[in-house]
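Take a look at the structure set out below.
The values are calculated or read from the model by the stated rules, or taken from the named source; none is laboratory data. Please read these numbers as outputs of a predicted model, since none were measured by experiment. Reconstructed Cβ throughout: ideal geometry from the backbone, glycine too, with neighbour counts over all protein chains shown. Just so you know, the surface numbers come from the protein's heavy atoms only, side chains and all, with ligands and any DNA or RNA stripped out. Shrake-Rupley method; radii C 1.70, N 1.55, O 1.52, S 1.80 Å.
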Amino acid sequence: MALQKTVTTPQGFEATNAYHRVEGISLPEKTSMSFLLRSYKSSSDGVSFNEEAYTCSYDLDGANPNTQAYAYLKSLDAFLDAGDV
């Protein structure tokens, strides 16, 4: 699972239809999780061009952490129009 969206990095690099993947999920508490969102030029690119850290609430009775991380990202303005891949 990943998100696809065109982005411009703070350095001014624009990546058309970039591939954004959740990685490194950790559950430091039962009610929250942290993860990295790494961005790649394509799904086959092995080197990320951007990395951002996120923390959000976690529902023990909900979907798996990966699914919850993507749902959280899609609730943010920056990813409202991102497509699932």
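Note on Lys30: lysines with a C-alpha under 28 Å away, same-chain residues under 8 apart excluded, are Lys74.
Across all directions, the shadow cast by the convex hull of the range 1-77 built on its C-alpha atoms averages 5.2 square nanometres.
Expressed as a whole percentage, what fraction of the accessible surface of the chain belongs to carbon and sulfur atoms when a 1.4 Å probe is rolled over the protein heavy atoms?
On the chain, the fraction of accessible area on carbon and sulfur atoms equals 48 percent.
Straight-line reach from Lys41: taking Cα to Cα under 19 Å and skipping same-chain neighbours fewer than 8 places apart, the lysines in range are Lys5.
In the chain, the longest principal axis of the Cα atoms and the axis of helix 65-74 are about 60 degrees apart.
Taking only protein heavy atoms and a 1.4 Å probe, what accessible area per residue, in Å², does the chain have with all protein chains in place? Per residue, the chain has an accessible area of 59 Å². Farthest toward the positive end of the dipole of the chain, out of Ala63, Gly46, Gly83, is the Cα of Gly46, where the dipole comes from beta carbon charges about the Cα centre.
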